[in-house]
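Below you'll find the structure I mean.
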4 protein chains.
Amino acid sequence: MNDLRLGGLIAERSTIEVKGVTIGGKEIILMGGPCAVESSLQMSLSAETVKKAGGKILRGGVFKPRTSPYSFQGLGQEGLGYLLQAAKEQDLLCVTEVIDAPSLELVVDKVDIIQIGARNMQNFELLKLAGKINKPIILKRGLSATIGEWLLAAEYILASGNPQVILCERGIRTFEPSTRNTLDLSAVGVAKELSHLPVIVDPSHAAGRRDLISSLSKAAIAAGADGLLIETHPNPAEAVSDGPQSLTPEQFIQLAGELGVVAKSVKRAFTCGWKGDTLETLRTQIDRVDQSIIELLADRMQIVRKVGDQKRLDRVKDTVREKEVMLRLVHLATERELSPEIVKKIYPLIFEFGVQSQIKNKLAQDKEFEHRSFQ
Amino acid sequence: MNDLRLGGLIAERSTIEVKGVTIGGKEIILMGGPCAVESSLQMSLSAETVKKAGGKILRGGVFKPRTSPYSFQGLGQEGLGYLLQAAKEQDLLCVTEVIDAPSLELVVDKVDIIQIGARNMQNFELLKLAGKINKPIILKRGLSATIGEWLLAAEYILASGNPQVILCERGIRTFEPSTRNTLDLSAVGVAKELSHLPVIVDPSHAAGRRDLISSLSKAAIAAGADGLLIETHPNPAEAVSDGPQSLTPEQFIQLAGELGVVAKSVKRAFTCGWKGDTLETLRTQIDRVDQSIIELLADRMQIVRKVGDQKRLDRVKDTVREKEVMLRLVHLATERELSPEIVKKIYPLIFEFGVQSQIKNKLAQDKEFEHRSFQ
Amino acid sequence: MNDLRLGGLIAERSTIEVKGVTIGGKEIILMGGPCAVESSLQMSLSAETVKKAGGKILRGGVFKPRTSPYSFQGLGQEGLGYLLQAAKEQDLLCVTEVIDAPSLELVVDKVDIIQIGARNMQNFELLKLAGKINKPIILKRGLSATIGEWLLAAEYILASGNPQVILCERGIRTFEPSTRNTLDLSAVGVAKELSHLPVIVDPSHAAGRRDLISSLSKAAIAAGADGLLIETHPNPAEAVSDGPQSLTPEQFIQLAGELGVVAKSVKRAFTCGWKGDTLETLRTQIDRVDQSIIELLADRMQIVRKVGDQKRLDRVKDTVREKEVMLRLVHLATERELSPEIVKKIYPLIFEFGVQSQIKNKLAQDKEFEHRSFQ
Amino acid sequence: MNDLRLGGLIAERSTIEVKGVTIGGKEIILMGGPCAVESSLQMSLSAETVKKAGGKILRGGVFKPRTSPYSFQGLGQEGLGYLLQAAKEQDLLCVTEVIDAPSLELVVDKVDIIQIGARNMQNFELLKLAGKINKPIILKRGLSATIGEWLLAAEYILASGNPQVILCERGIRTFEPSTRNTLDLSAVGVAKELSHLPVIVDPSHAAGRRDLISSLSKAAIAAGADGLLIETHPNPAEAVSDGPQSLTPEQFIQLAGELGVVAKSVKRAFTCGWKGDTLETLRTQIDRVDQSIIELLADRMQIVRKVGDQKRLDRVKDTVREKEVMLRLVHLATERELSPEIVKKIYPLIFEFGVQSQIKNKLAQDKEFEHRSFQ
């Protein structure tokens, strides 16, 4: 990998900024949409789904590299119009695949991000052209490309002058027949150890089946991916391509609703969007938050009791520590735009319950100890 | 897959109980230890590490199937003694690999779980023997076995009379050279869709390199795995086998400390063990919990403000809803062994802050609206 | 491959002798028979086919390692009887697969060669047992074994004391779905560069389809294989296993009839057997030989004319060279048990025709030259 | 494979004619040359080698798709000149790879055959362009393309209007590390069963190592390939790319010298060219032919003796059969431009020796029979 002159690991990970969206930062970026652009209505509905789910980028292919010459080859310029219009309606960025010089020329000034597909990962002439434009490039890993070859393909773009490359793992070809390809989540870690570029994951093309998208998306985030590229279609059963792997709008939104907590668990962030919240959906969200708060309070009390086990009864209350904690939490609340007043009001109560709980616990233990001693 | 007569999907997922440890339940089961048992001390230290990390099961190979006849072949019966002793010291269960009828006979009454390795996945005679004993079997997926073949191998054990099979994904052979094998996390989901058996993941053998274990372990949990089998060694640099993929004790414990929150993010549980907590480590845990509580309170306030946007100023306070919420949370607290009193004390405060925040927000909006209207 | 202490390349290639059959010598050894032994009649018919085709070794599985526990598992001891009886009837050697210690014990004193199948290639305990017997072992390459791993598996047998190992390439697992496995004929050359052991090829399991067996068998010989292991069944349509890849008796015999000339083309030998030749089949063979002789005579005359082009007209006849050639050919004839008298009679005629042809040719060229010069 | 509307199997196999060279006919077509065009001298020497070996087509890349952007990318137009000049010098056809629309445009009117490389096999836009020209296209199989995908890629060219597609198997990506790729010779048979197109084989890129080229080339012919594409370089050690897999001129010519007999063994033809034969090399060829004739005569006598075993002593001579044979051979000789006179002179001698041999044999057998009877 000596040839990773520009793509190789450097002091800081690269982030790519497009119209206010940062790829490679703390936030997980969700991209969604259908495999192929089919109609104006289909794209409008898809964009609505993506927006509701908190997605930032709308995808849709208008030039489709298809295995058979007799398969649908994409709507071309007409489809591009539908994609752009739908993205604009929902204030989303948009990405589409290019397959050669003319298609690149057609879309370069119109879309926000350009995708080079797995089949063209080693179409070096296309990579060089992609290196001469000023738009971020999503470079999908070839079906049987090693990670080294993938990074060198990225290097072609970088070496031609475009530093905005986003790597996308989308499954490799193996002997396993139950999935279309085998999603290689190790590739996320390996690519990040060799390169400073952002890495996203496309579970849809890897799995080729709808039922695995949810678990693989969460796994991708846990593995360190910076974003997800997921297929969704208003009516997968009627999709002209890749229907079986496309999520329904409901599935897409539900999945998005579950990603935030996974992102948080690995110190990343994702916010499910849901523009046009209803009172009902907002209350469901509050209920979920409340449940987590209660669980955390329960966890806290358990740990606090263990702390108590290590202290003398008369040392259970530790006001110095309480003050320190309060100071820190007030500071944290301010950072998160939470009124410090609420912290100041509820934490003394939480401390007090902790102390009471420790004392009760110690007394119970003492009693049990005595009880045993007398037997 | 018509031949999955016993292993096929049924109404409920199977759980396997061994001396109080439940595999396949809500809790993620962590298994750890060295590839090969080398000495009494090595095993004692490994067991201590596993225990501290919250692991439930100690692994260690005493019969090693090695590619070359001139590689270390395991300590056999002597090593078994070290494994058993170390597990006993830390009150852990233990698992070891068998490679033929004699090795199975030797260990069957001594260890808690028996492992059949990837190279023996289609050693059908061994599978049949494993089907005649009354111990859980961890069945590793063969290097190039399809998921269908793996499940049929499990079926051999089941059909011979032993229902306690735990499937273990450990990477498949592909063209990619940067990892020893390619961890196929789709296999977790596929195996669970076809079979009721628990599925665990061994990221160590898949990656063959230490630096990917953390991200792959988290990804495995996010993908739905029921447990992890991770190699750790008191001194990986001196391990007789698989040193480069073994975590140091510190790395193992640190990783375990990060798994709980990932498990929780997909509605599973894992508790990092740390027998012999110090005041310091407990306080670090409390601090982490407090931070999460504050973040959740901040999230809550944001959603509450959105709710406010949808209500008339005089309808902001909704006591009916508050009562309902309180009732639910009190119930939940009781379930989690948290005193309901604390909920009853702090939630009214949280409600009140929410209402105040909604009102402030609405007034600010009105002002802005007026301001704009007059321009 | 430092661990190939016994299997590594040495000055001479090893040959393995079993009751007069030499594996690894000049002769290509054909082994044939059904996947599974089914009945006495089936084996008798199979043995007859193998014998007619010039095969030396009858194969037939009595212990079948099957992917599903509910598939036919072999006739065991009963089947062994059928195999032995059929081999005896046709004076063939026989080979069968063993799958564990008991099956090895059962067959070791009865069959001539023992096979260890692909799924057991890394069943190291079985390899060690195979190393302790005094029978040749056919070691099939594992489905996803590298050549290095295969040779190290052989090393297990060698290191345990049995030097008679025959390597068998039988296809590896790849992504290609049109064949059951992908026959890796490079493996023949690579294994022979790293090891002194004989290497045979099983095209039947590799292809999994009858129609490719002929071309792959010839390719295997051209690639340097020392033998072929080919499935044939009296009635493939009714075979209990592997019917689609089994040749009919007619196809097997026809293929064998085409192998001799391929073997000869790479300086190897194979004689299609056909015990009980009919006058008709013998005459067909003579016709084929005659056709080749005529073609060679035609080739000879063409080269001889080119030689003539390089000589002065009066130097065309070169009696010294003729004597040398005659001497050599007489010697060669004696070696091949051909009467030298026939050579002494016909070669002067061949020489003479050659000279006449050269002269005629030269005169024609001169005429053409003059013709052109005068234009 | 319903989409093989134009490429699918039809009544007759297609042949492709280019300036008197027929690809897909009885003759095996040898193509050779360096991976990359480097200089005028290198190409002249390569062309000389190819010509001497009986090759018909000179290859040499001037646009090189290289994994790294920092590797040599080809000499472009300058290199094209060297290739054309060298081919012209030796009266060879030439082939070069194109990588995009501009490179195709540059070479289309100059070279005889155009190659689309493995990495561009699914560059559908390039395939469509290749379908609009009137030059044969060599379409290499992608590294991880199934045979079905490869044929559909060919269908793109056919469907765009160019019927002259030559398929080229060049190895697929597998887990085996000892060869660069795994040559899939089954693909020759499978492609020919699904399609009427000619199929050639490139063993150089598959093996990636010089030592396997000879055996794989022969295996390819035995497997049914219509031609070979083999790398040769005047000085492989100094080649800018693919040196380790390039044959030296001597190796290339020697290999070619061995291909004819292999081709003949599967009813195909190949003539090693050797323009500028020396007396010595011609005599070596004659010696080889003579050796084959003697061996065939020996074979003939063996079969003739078996025929004798089946006849009464007084019926050994069968003049009717002899006349028939003679008639056929005379006819055959005429076809092959061999003087029938020689056949008429030597065959009576061969018949006579056959008869004598039968008689001697029968008498010996009788004696032995009597001898045994009296015991």
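Report, by residue number, each residue of region A:226-252 that is farther than 15 Å from A:Arg170 by Cβ and β-branched (Val, Ile, Thr).
A:Thr232, A:Val240, A:Thr248
Given the condition open to solvent by 40 Å² or more (accessible area, probe 1.4 Å) and touching a residue at least 12 places away in the same chain (Cβ under 8 Å), answer yes or no: does some residue in region B:332-342 qualify?
no
Follow-up question, since we're still on this one. Looking at region C:99-111, which of the residues that are outside any helix (DSSP H, G or I) and out of contact with any strand residue (DSSP E or B) (no Cβ under 8 Å at 6 or more places or on another chain) is surrounded by the fewest Cβ atoms within 10 Å (Cβ to Cβ)?
C:Asp109
So D:Ala223 clears everything in (1) more than 20 Å from D:Val262 (Cα to Cα); (2) free of Cβ contacts under 8 Å to residues at least 60 places away in the same chain except one condition, right? Which one?
It fails just one condition, (1).
For region B:120-132, indicate whether the set of residues that are surrounded by fewer than 24 Cβ atoms within 10 Å (Cβ to Cβ) and more than 14 Å from every other protein chain (Cβ to nearest Cβ) is non-empty.
Within region B:120-132, not a single residue is surrounded by fewer than 24 Cβ atoms within 10 Å (Cβ to Cβ) and more than 14 Å from every other protein chain (Cβ to nearest Cβ).
Suppose the filter is within 30 Å of D:Gly24 (Cα to Cα) and either surrounded by 13 or more Cβ atoms within 10 Å (Cβ to Cβ) or modelled with pLDDT under 85 (or both); does D:Ile346 pass it?
no
Next question. Within region D:215-260, work out how many residues are farther than 21 Å from D:Lys51 by Cα and not in a helix (DSSP H, G or I).
Number of matching residues: 5.
If I filter region D:207-219 down to residues being facing another protein chain (nearest Cβ under 7 Å) and small (Gly, Ala, Ser), which single residue comes out as most open to solvent (accessible area, probe 1.4 Å)?
D:Ser215
Taking D:Ser71, is it of a type in the set (Ser, Thr, Tyr) and over 22 Å from D:Gly260 (Cβ atoms)?
So D:Ser71 passes the test.
Specify which of the listed residues (D:Leu58, D:Leu45, D:Leu41) is touching a strand residue (DSSP E or B) at 6+ places or on another chain (Cβ under 7 Å) and more than 14 Å from every other protein chain (Cβ to nearest Cβ).
Among D:Leu58, D:Leu45, D:Leu41, only D:Leu58 is touching a strand residue (DSSP E or B) at 6+ places or on another chain (Cβ under 7 Å) and more than 14 Å from every other protein chain (Cβ to nearest Cβ).
Applying the selection to region B:145-192, what residues are in a helix (DSSP H, G or I), within 22 Å of C:Arg119 (Cα to Cα) and of a type in the set (A, V, I, L, M, F, W, C)?
Matches in region B:145-192: B:Ile147, B:Trp150, B:Leu151, B:Leu152, B:Ala153, B:Ala154, B:Ile157, B:Leu158, B:Ala159, B:Ala187, B:Ala191.
Can you say whether C:Thr174 is under 30 Å from D:Ser144 (Cβ atoms), without any contact (Cβ under 8 Å) to a residue 60 or more places away in the chain and out of contact with any strand residue (DSSP E or B) (no Cβ under 7 Å at 6 or more places or on another chain), as far as the supplied structure shows?
For C:Thr174, the condition - under 30 Å from D:Ser144 (Cβ atoms), without any contact (Cβ under 8 Å) to a residue 60 or more places away in the chain and out of contact with any strand residue (DSSP E or B) (no Cβ under 7 Å at 6 or more places or on another chain) - is not met.
If I filter region B:268-277 for residues that are closer than 28 Å to A:Arg283 by Cα and of a type outside the set (Ser, Thr, Tyr), do I get at least one hit?
yes
Please go through region B:87-98 and pick out each residue that is more than 14 Å from every other protein chain (Cβ to nearest Cβ), among the charged types (D, E, K, R) and not in a loop (DSSP other than H, G, I, E, B).
Listed by number, the residues that qualify are B:Lys88, B:Glu89.
Let me ask you something else. If I ask for residues that are more than 9 Å from chain C (Cβ to nearest Cβ) and either under 14 Å from the mean Cα position of the chain (by Cα) or not in a strand (DSSP E or B) (or both), which ones from region D:193-206 would you list?
Answer for region D:193-206, where residues must be more than 9 Å from chain C (Cβ to nearest Cβ) and either under 14 Å from the mean Cα position of the chain (by Cα) or not in a strand (DSSP E or B) (or both): D:His196, D:Leu197, D:Pro198, D:Val199, D:Ile200, D:Val201, D:Asp202, D:Ser204, D:His205.
In region B:303-325, which residues are without any contact (Cβ under 8 Å) to a residue 40 or more places away in the chain, surrounded by 14 or more Cβ atoms within 10 Å (Cβ to Cβ) and either more than 10 Å from chain A (Cβ to nearest Cβ) or more than 34 Å from the chain's Cα centre (by Cα) (or both)?
B:Lys306, B:Lys317, B:Asp318, B:Arg321, B:Glu322
Turning to a different aspect of this structure: If you take the residues of region D:220-240 that are in contact with a strand residue (DSSP E or B) (Cβ under 6 Å, 6 or more places away or on another chain) and more than 14 Å from every other protein chain (Cβ to nearest Cβ), which of them is most open to solvent (accessible area, probe 1.4 Å)?
So, considering only residues that are in contact with a strand residue (DSSP E or B) (Cβ under 6 Å, 6 or more places away or on another chain) and more than 14 Å from every other protein chain (Cβ to nearest Cβ), the one most open to solvent (accessible area, probe 1.4 Å) is D:Val240.
Of all residues being touching a helix residue (DSSP H, G or I) at 6+ places or on another chain (Cβ under 6 Å) and buried (at least 23 other Cβ atoms within 10 Å of the Cβ) in region A:1-29, which is modelled with the highest pLDDT? Just the residue, please.
Top of the filtered list is A:Ile28.
Given the condition open to solvent by 20 Å² or more (accessible area, probe 1.4 Å), in a helix (DSSP H, G or I), more than 9 Å from every other protein chain (Cβ to nearest Cβ) and of a type in the set (D, E, K, R), answer yes or no: does some residue in region C:268-275 qualify?
no
Only one of C:Glu193, C:Glu169 is open to solvent by less than 10 Å² (accessible area, probe 1.4 Å), in contact with a helix residue (DSSP H, G or I) (Cβ under 8 Å, 6 or more places away or on another chain) and of a type in the set (Asp, Glu). Can you tell me which?
C:Glu169
May I pose another question? Only one residue in C:Leu212, C:Leu197, C:Leu216, C:Leu152 is in contact with a strand residue (DSSP E or B) (Cβ under 7 Å, 6 or more places away or on another chain) and either without any contact (Cβ under 8 Å) to a residue 40 or more places away in the chain or of a type outside the set (Gly, Ala, Ser) (or both). Which one?
C:Leu197
Going residue by residue through region D:62-79, is there one that turns out to be under 30 Å from A:Arg5 (Cα atoms), open to solvent by less than 10 Å² (accessible area, probe 1.4 Å) and in contact (Cβ under 8 Å) with a residue 60 or more places away in the chain?
no
Mind telling me which of the residues B:Leu84, B:Leu4 ends up being more than 21 Å from the chain's Cα centre (by Cα) and assigned to a loop (DSSP other than H, G, I, E, B)?
B:Leu4
Can you tell me which condition B:Asp366 does not meet? The list is (1) touching a residue at least 12 places away in the same chain (Cβ under 8 Å); (2) over 19 Å from A:Met301 (Cβ atoms); (3) surrounded by fewer than 18 Cβ atoms within 10 Å (Cβ to Cβ), and all the others hold.
(1)
The values are calculated or read from the model by the stated rules, or taken from the named source; none is laboratory data. Remember, it's a predicted structure, so these values are computed and weren't measured experimentally. Cβ: placed from backbone, ideal geometry, glycine included. Neighbour counts: every protein chain shown. The protein model used for the area step is the full one, side chains on, heavy atoms only, and it has no ligands, DNA or RNA in it. Shrake-Rupley method; radii C 1.70, N 1.55, O 1.52, S 1.80 Å.
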